[in-house]
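Working notes, beginning with the structure itself.
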Amino acid sequence: MLIEQAQRIRRTYAKACQFGTMDEGRKYLNRELADIWYATRQMTATWLKGEHARRTIKRKGRPEDNDTEKAAHDGYDGVIGGVLVSANEIPYAEFLKRDEKYKVHFKTIKAGEKPLMELTMPLWSRRDGEPFSVRFLMHRPIAGHLLVRRFHLVMRYKRHAGKLVGYTWYVSIMVKMDNPEMRKPRRIGTLWPSWKVEPDGSILVMRLEIDYLDGSKKDIKYHLPPGTISRARRAYHLSIIGQDNIEYNNFDRWRMDTYRKWAVDVCKRVDVIKQVDFTKPIGLEVGSSVPGTIPRHRPLVAVGLLIAAIREKANGSGISLATE
C-alpha cells in the first residue's frame, strides 16, 4: 500500500512541476492528492517550492523535468508524512509519551546508541482510515528537550544496472536545536582549501593546520581517493548530454557523504576554525592563487561544498568561525 501511494505521489509531483507557477502546481496537488493525510498541507508545498527553486536557480534542467513518465520512473522521491500537531512544536520527550489516542505517536522498541523506533501515523485524510506503523533504526538518540517540528517518510527506488531491485525507505525527522555554548579556544585550526592532484592519483581537497596552546602544530590532509577524476568526468559528461543523471547523483551523494564525515572529524579536532579566503578574484580566475592546483579539477572537487558542511557542523558544535 505504501509503495503504491508513494509511486502515485511521485507521478503527481512530476506533473505538478510542469505548471508554470507555484500557485497552479499547488492547486493541482491539492486536487489530485486530497485523500492523502498530509498531501494538501505544509510538506508538499515546501517540497514543490524547493523543486521549482532547484529547477530555476540551483541546478541545470534534468530530463525528468519535462518527461512525466521518466520522472515517475526514476525522478523524484515519494514523500509520505506531515507535521505533528498543526504547525506547533513539542519537546521530543513529550512526543515519546504519546499513546494510541493521538493520530501520530512514537514508540521505543529498543533503546541504545541507535534506538529502534516505531512510528504510527495516518495515511488517509478521512477520519475512519486505519493508521499504519513503520519501524526504523535511528542514527543516534534525540535529546528530550529538543523541539520536534515535522517529519516525513521518503521512498527511493534501488536500481542496479538500470533494473529495479527494490525500495529504500527513510524516516526524516526535523528538530529545532538550541544554540550550543561556544568552546574555549584551546585548539585553533586553519583550513587550506585545494584541488591538487597527487602522484598516486588522489586529490588533495583540504589541509587542516592545527595550533595548540603549548606551541605545537599538527598538519592533517584530506584526500579524495584515486579514480575520482575519471568517475566525476564520466558522471558530468552523461549529465550534460542528458543521457543519465543517476551516475551524477550517485557521485554527488558520495562526495557529500565524504565531506560530512570530514566535517565531523575537523570539528572534533579544533575549537576555532580559520579559513584562508581564496575565493576572491585574482587576475582573470577565481581562486587561482591556490598553489599547485589545476583549474579544470576545481568543479570536480567543489571545495565550497566541504566548507559549507564544516560551517554547518561548526555552528551546531559551538565552534567559532573566522576568515583570514
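The values are calculated or read from the model by the stated rules, or taken from the named source; none is laboratory data. Keep in mind that what you see is a predicted model, and the values were worked out from it rather than measured. Cβ: placed from backbone, ideal geometry, glycine included. Neighbour counts: every protein chain shown. Areas reflect the complete protein model, heavy atoms only, side chains present, ligands, DNA and RNA absent. Shrake-Rupley method; radii C 1.70, N 1.55, O 1.52, S 1.80 Å.
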**Message:** Kindly evaluate Val301 against the criterion of being closer than 19 Å to Lys196 by Cα, at pLDDT 85 or above and open to solvent by less than 50 Å² (accessible area, probe 1.4 Å).
**Reply:** yes
**Asked** Looking only at residues in the range 102-142 that are farther than 28 Å from Ile9 by Cα and in a loop (DSSP other than H, G, I, E, B), which one is least open to solvent (accessible area, probe 1.4 Å)?
**Response** Pro115
**Fill in**
Among residues of the range 217-247 being hydroxyl-bearing (Ser, Thr, Tyr) and open to solvent by less than 50 Å² (accessible area, probe 1.4 Å), the residue nearest to Val270 (Cα to Cα) is Tyr222
**Message:** I'm trying to understand the selection: among the residues of the range 197-214, which are open to solvent by less than 60 Å² (accessible area, probe 1.4 Å) and part of a loop (DSSP other than H, G, I, E, B)?
**Reply:** Glu198, Gly201, Ser202
**Message:** For a quick check of your reading of the model, give me the residue pairs whose first member lies in the range 266-283 and is closer than 30 Å to Glu181 by Cα and at pLDDT 75 or above, whose second is open to solvent by less than 70 Å² (accessible area, probe 1.4 Å) and in a loop (DSSP other than H, G, I, E, B), with beta-carbon atoms closer than 8 Å and at least 6 apart or on different chains.
**Reply:** Cys267/Ser317; Cys267/Ile319; Val270/Ile319; Asp271/Ile319; Val272/Ile319; Ile273/Ile319
**Request:** Please work out which residue is farthest from Thr120 (Cα to Cα), limiting yourself to the range 170-185 and to residues that are open to solvent by 90 Å² or more (accessible area, probe 1.4 Å) and of a type outside the set (Lys, Arg).
**Result:** Met182
**Prompt:** What are the residue pairs meeting all of these: first residue in the range 138-164, first residue more than 24 Å from Pro91 (Cβ to Cβ), second residue exposed (fewer than 11 other Cβ atoms within 10 Å of the Cβ) and among the polar types (S, T, N, Q), Cβ atoms under 8 Å, and 6 or more apart or on different chains?
**Reply:** Met155/Thr168; Arg156/Thr168; Tyr157/Thr168; Lys158/Thr168
**Request:** Run down Arg183, Arg150, Arg156 and say which single residue is touching a Ser or Thr at 6+ places or on another chain (Cβ under 7 Å) and either closer than 29 Å to Ile273 by Cα or part of a strand (DSSP E or B) (or both).
**Result:** Arg156
**Complete:** Result of the Cβ filter at 8 Å on the range 1-19, keeping first residues that are in contact (Cβ under 8 Å) with a residue 40 or more places away in the chain and partners that are in a loop (DSSP other than H, G, I, E, B) and acidic (Asp, Glu), at least 6 apart or interchain, is Arg10/Asp77
**Message:** Restricting to the range 15-24, count the residues that are open to solvent by less than 70 Å² (accessible area, probe 1.4 Å), in a helix (DSSP H, G or I) and more than 21 Å from Trp124 (Cα to Cα).
**Reply:** 1
